[in-house]
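Chemist: Starting off with a structure, shown below.
The values are calculated or read from the model by the stated rules, or taken from the named source; none is laboratory data. The structure displayed is predicted, hence computed values, not measured ones. All Cβ positions, glycine included, derive from the backbone under ideal geometry; neighbour counts span all protein chains shown.
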Amino acid sequence: MTLTRVTESQRGSQARPISWFASSGGISATRFLAKARKQKLTTKQLGLSQANAVYVNEHLTQANKQLLGAAIARKKEVAWKFVWTNGGKVYARKDEQMDAVRIQDLSDLTKMTK
């Protein structure tokens, strides 16, 4: 497993994000994300003195970050409940009973209706 800090020029005094790259034979990224989200990781669990929350998310391409942002904005417009990523792909769901809709590009946002 490899951990590296992601450099961002405008973060100020905030801690920089850490990227994790899975190596073959180790825990899969999907399993790691699921466990980290379920267990609500803190910095204290990672051996640091303070107990600050650790947020674990997928590392998306710039295009998928923009697509996710557009899907989240659309979700608010049409009162859908869920937008998420899994395996670098963007999905949306109106409610718990509806099947997930895959959002592959901006034109797919029209699938999200009231």
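Chemist: For region 48-83, which positions are part of a helix (DSSP H, G or I) and under 17 Å from Lys111 (Cα atoms)?
Modeler: Leu67, Leu68, Gly69, Ala70, Ala71, Ile72, Ala73, Arg74, Lys75, Lys76, Glu77, Val78 - these are the residues of region 48-83 that are part of a helix (DSSP H, G or I) and under 17 Å from Lys111 (Cα atoms).
Chemist: Also, I was wondering about something else. Quick test for you: out of Lys65, Lys35, pick the one residue that is within 12 Å of the chain's Cα centre (by Cα), at negative phi, loosely packed, with under 15 Cβ neighbours inside 10 Å and of a type in the set (Lys, Arg).
Modeler: After applying the criteria, what remains is Lys65.
Chemist: In addition: Report, by residue number, each residue of region 96-114 that is β-branched (Val, Ile, Thr) and either within 18 Å of Gln62 (Cα to Cα) or in contact (Cβ under 8 Å) with a residue 40 or more places away in the chain (or both).
Modeler: The answer is Ile103, and nothing else.
Chemist: Would you confirm whether or not region 34-51 contains a residue that is out of contact with any strand residue (DSSP E or B) (no Cβ under 7 Å at 6 or more places or on another chain), modelled with pLDDT of 90 or more and of a type in the set (Gly, Ala, Ser)?
Modeler: No, there is no match, as no residue in region 34-51 is out of contact with any strand residue (DSSP E or B) (no Cβ under 7 Å at 6 or more places or on another chain), modelled with pLDDT of 90 or more and of a type in the set (Gly, Ala, Ser).
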